[in-house]
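Accompanying notes for the structure given below.
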Amino acid sequence: MKTKLKLTTTLLLALFASPLAFAAEDHDHDHKHEDHVTQGPNGGHVIESKAGFSFEVTVDKERKARVLFLDKDNKPVALGEQSITGIAGERSAPTKLTFSTGTGKDAKFLISDKALPAGAHVPMILTIKTAPDAKAITERFELHLH
């Protein structure tokens with residue numbers, strides 16, 4: 001009888017402790033992920049491209065994405081012939097984006113034509129060309145808007 005009681009007690013403890021262990025693991029993972037996000041000169045997320053350049057993504061009050069190309073010291077680079085198209089949001093309801101050069105004080109940014117979908121975490125896929133004849137580079141990331 002004592003063995004059966006010990007087994008039952010052990011099983012109950014394991015069942016109650018498992019969710020707590022997984023919750024702690026998830027929390028640590030999220031915290032570590034946020035520590036690795038680099039902030040750009042405008043407080044946005046910096047993405048380091050596998051093609052050797054980096055860019056900052058910010059979102060304005062209309063929820064339009066703004067892309068700023070950066071040098072190795074995270075300083076803005078003047079726009080040349082870069083072009084960007086993209087998709088934002090979930091696969092079930094994607095928002096297709098086209099980017100164009102801003103005007104006036106925004107002339108250093110490429111700004112999306114549409115607002116990003118609702119939510120604090122927006123998956124994005126951007127296709128970037130650094131010149132009209134350059135090979136297109138695809139960058140996938142999740143934009144955290146909190």
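One table, with the values for the structure above:
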quantity: Condition met for T95 (touching a Phe, Trp or Tyr at 6+ places or on another chain (Cβ under 9 Å), of a type outside the set (D, E) and free of Cβ contacts under 8 Å to residues at least 24 places away in the same chain); calculated: no
quantity: Candidate set from region 92-107 (those that are more than 21 Å from the chain's Cα centre (by Cα) and assigned to a loop (DSSP other than H, G, I, E, B)); member that is surrounded by the most Cβ atoms within 10 Å (Cβ to Cβ); calculated: G102
quantity: Test for P117: is it within 15 Å of the chain's Cα centre (by Cα), within 22 Å of K61 (Cα to Cα) and in a strand (DSSP E or B); calculated: no
quantity: Tally, over region 100-138, of residues that are among the hydroxyl-bearing types (S, T, Y) and closer than 20 Å to G52 by Cα; calculated: 3
quantity: Those strands (runs of 3 or more DSSP E) lying entirely in region 45-88 with at least 1 residues within 16 Å of E142 (Cβ to Cβ) and free of Cβ contacts under 8 Å to residues at least 40 places away in the same chain; calculated: 45-48, 54-59, 83-88
quantity: A131 vs. criteria without any contact (Cβ under 8 Å) to a residue 12 or more places away in the chain, of a type in the set (A, V, I, L, M) and farther than 12 Å from V57 by Cα; calculated: no
quantity: Total residues in region 116-146, condition modelled with pLDDT of 95 or more, within 19 Å of L79 (Cβ to Cβ) and hydrophobic (A, V, I, L, M, F, W, C); calculated: 4
quantity: Residue list for region 57-91, filter: among the β-branched types (V, I, T) and either under 15 Å from the mean Cα position of the chain (by Cα) or modelled with pLDDT of 95 or more (or both); calculated: V57, T58, V59, V67, I84, T85, I87
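The values are calculated or read from the model by the stated rules, or taken from the named source; none is laboratory data. None of these values were measured; they are calculated from a predicted model. Virtual Cβ from ideal backbone geometry, glycine too; neighbours counted across all protein chains shown.
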